[in-house]
1. Pairs only if they're at least six apart or on different chains, beta carbon under 9 angstrom, first in region 188-205 and basic (Lys, Arg), second in a strand (DSSP E or B) and at pLDDT 95 or above; list them, first residue then second.
2. Of everything in region 151-175, what is part of a loop (DSSP other than H, G, I, E, B) and touching a Gly at 6+ places or on another chain (Cβ under 7 Å)? Give them in sequence order.
3. Go through region 341-381 and count every residue that is more than 15 Å from the chain's Cα centre (by Cα) and part of a loop (DSSP other than H, G, I, E, B).
4. Can you pull out the residues in region 317-331 that are buried (at least 20 other Cβ atoms within 10 Å of the Cβ) and either of a type in the set (Phe, Trp, Tyr) or within 20 Å of VAL117 (Cα to Cα) (or both)?
5. What's the total number of residues in region 47-62 that are in a loop (DSSP other than H, G, I, E, B) and either within 22 Å of ALA79 (Cβ to Cβ) or not assigned by TED's automatic domain parsing to the domain that holds VAL117 (or both)?
6. Test LEU110 against the stated conditions and say whether it is surrounded by fewer than 24 Cβ atoms within 10 Å (Cβ to Cβ) and either of a type outside the set (Lys, Arg) or within 15 Å of LEU33 (Cβ to Cβ) (or both).
7. What pairs come out if I take residues in region 347-373 that are farther than 20 Å from LYS134 by Cβ and pair them with residues that are at pLDDT 95 or above and charged (D, E, K, R) whose C-beta lies under 8 Å away, six or more apart or interchain?
8. Inside region 176-237, counting only strands (runs of 3 or more DSSP E) that do not spill past its ends, which hold 2 or more residues that are modelled with pLDDT of 95 or more and more than 12 Å from ASN164 (Cβ to Cβ)?
Amino acid sequence: MQKIKVGVVGTGFIGPAHVEALRRLPNVEVTALCEVTPELAAAKAASLGIERACTFDELLKMDDIQAVHICTPNFLHYAQSKAVLEAGKHCVCEKPLAKDLHEAEELVSLAAKTGLVNAVHFNLRYYPLARQMKVMREKGELGEVYSIIGSYLQDWLFYETDYNWRLEPDKSGDSRAIADIGSHLMDIIEYITGLKTTAVLADFNTIHKTRKKPLKPVETYSGKMLQPEDYADVPINTEDHANVLLRFDNGNRGVVTVSQVSAGRKNQLKLEISGSKKTFAFNSESPNELWIGNRDGYNQSMTDDPSLVHAEARSVISFPGGHNEGFPDTSKQLFKEVYAAIEAGKQPEAPTFPTFADGYRELLICEKILESNKKQAWVEI
């Protein structure tokens, strides 16, 4: 088998997660790793067992590299994704696709012009029971969507001493909790329900208006504690917590809460989707269970057993029932679909995976949420 050779750019939290998921695909080989300095690239490549360490420019000139994964801070996504496409390589970019709509629109246009495979890492779509909910809705088992209640809660920025580049608008943009994890929530809502969000009303809150920035490097989710003299006070202008009311194109409503300061919630996405026939309830911290509510008759609890789900959902399940699958498996399942397209040599006409166009859509929603918070008013999308 001729394997597709891949380069990965960035080795913070998510870069190694991409590497691990890619290594689980039989037709892919992670061959090159890029970081901000040759020394750091060499150290990270050695620790991850990757053959080549390189600069970004060197990576683009490697003729045998067919695809590149952009796993860098947000402000680099646009320029690096553009360079990858212009170099004739397929591109998988972390979310958000870019820092603003103009950049995202340019990337969508460039990707369409080149015909190269393009994807955004909205991996949470790939929990098997998220796919099952989508298929059940498409088959009419949910009925008309009446309401949606969603939340995405984390606690990795709970303390004032918790710090990361995502707190700095010049690197991450003007929104943080909404752009970072709220984008996943808004994407999966539209993916499962098939609805479009048409208007938003947002209210943000910054709990820690001043944070203590480490004067030594600390990686995302590392939880490392330094000494008092190792910090500098920094004013914070992005949201720790956000509430957003939603209006959908079927005339019905929803509400979401996003927080990065909820003690004990490490990475919990919850959805409750109420329809005219049933209600679906899903919790990403118990991703192998789906609660199905009924007005008349017993409520149900479904597991992600491939013998129980619809055929359309089986493709994102790798193990028999009772063998739990979780967060690392979502990336593998997304990349499996992406690399099937790369093997075919071009972007499918109707991709099953999230594309740059989906990245543009979520950036649009997030920008409208940010605008709504500033105006303290409803904003149409």
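The values are calculated or read from the model by the stated rules, or taken from the named source; none is laboratory data. In this text the structure is predicted, and so the values were computed from the model without any measurement. As a convention, Cβ positions derive from the backbone with ideal geometry for all residues, glycine included, and neighbour counts pool all protein chains shown.
1. LYS196/PHE248
2. Narrowing region 151-175 to residues part of a loop (DSSP other than H, G, I, E, B): 154-164, 168, 173-175.
The answer is ASP155, and nothing else.
3. 12
4. Initial filter on region 317-331 (buried (at least 20 other Cβ atoms within 10 Å of the Cβ)): 317, 325, 329-331.
Answer for region 317-331, where residues must be buried (at least 20 other Cβ atoms within 10 Å of the Cβ) and either of a type in the set (Phe, Trp, Tyr) or within 20 Å of VAL117 (Cα to Cα) (or both): THR330, SER331.
5. Filtering region 47-62 down to residues in a loop (DSSP other than H, G, I, E, B) leaves 49-51, 55, 61-62.
Within this subset, residues satisfying the condition of being either within 22 Å of ALA79 (Cβ to Cβ) or not assigned by TED's automatic domain parsing to the domain that holds VAL117 (or both) are 55, 61-62.
The number of residues fulfilling the criteria is 3.
6. Numbers: surrounded by fewer than 24 Cβ atoms within 10 Å (Cβ to Cβ): yes; either of a type outside the set (Lys, Arg) or within 15 Å of LEU33 (Cβ to Cβ) (or both): yes.
Criteria met by LEU110.
7. So the pair list comes out as TYR360/GLU105; LYS368/GLU380; ASN373/ASP203; ASN373/GLU239.
8. Numbers: elements: 197-205, 210-214, 231-235.
Where strands (runs of 3 or more DSSP E) fall fully within region 176-237 and carry at least 2 residues being modelled with pLDDT of 95 or more and more than 12 Å from ASN164 (Cβ to Cβ), they are 197-205.
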